[in-house]
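Below is one structure, written out as structure tokens; comments come after it.
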Amino acid sequence: MSQNQTPNYAEQGGARSVIGAAGELDIIGTLKKNGVDLTEQLTFTYAARHTLIELNAGITICAAIAGKKYKVTHYYFRVIGGAATAATDVRLQDSNSSPVVVVTMAVAGLAEDDEIDSDDTIANITKGAGWMTALTAAKSLDVVKTGSAMTTMTHLDVIVEYQIVA
């Protein structure tokens, strides 16, 4: 099979898993076994290193899914290449017009090489109403900065574990 072909796998129960050219896995539909929806029993992991340019533009971790909500069960961020400056904070939130916030990280808490883990209590890091609860239905899960454009830091490592719930 050539590198540019996109194979389809496990087309059963209304679900179709596709591995794209970049190696990403996309699950379309509902995962079922013996007629039981398994989607809500799974935990998915998003992990990537994002540039400062991407952070300033806003990062969509998970696209919106009609009729479904995201529930964040764990997060980890690491600041790379200098302290975060100029912006007000960085947030993990849904894309609702009044976003449900999972965590707010004030720039004062984002020094070079700082690691922000949901298991820790850290000054200037505040868990929001969206922590460990279902976010808004049919909205994406995003990392955004508020205030002025973020400067100095060069990258942000982002790891988010989440579930997809009805």
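Each value in this text was obtained by applying a stated rule to the coordinates, not by laboratory testing. It should be emphasised that the depicted structure is a prediction, and the values quoted were computed from it without experimental measurement. Cβ atoms come from the backbone with ideal geometry, glycine included; neighbour counts cover every protein chain shown.
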Formal net charge of residues neighbouring LEU110 (Cβ-Cβ distance under 13 Å; K, R +1; D, E -1): -3
Net charge over other residues, Cβ less than 13 angstrom from the Cβ of LEU135 (K, R count +1; D, E count -1): +3
Rg(Cα)/(2.2 N^0.38 Å) for segment 43-165, N = residue count: 0.97
Additional length obtainable on full extension of the chain from ALA138 to ALA108, 0.36 nm per residue less Cα span: 7.6 nm
Partners for LYS127 among lysines (Cα-Cα distance below 28 Å; same-chain residues under 8 apart left out): LYS68, LYS69, LYS71, LYS139, LYS145
Backbone N within segment 146-166 under 12 Å of label point (7 Å from THR45 Cα along the Cβ vector): 159-162
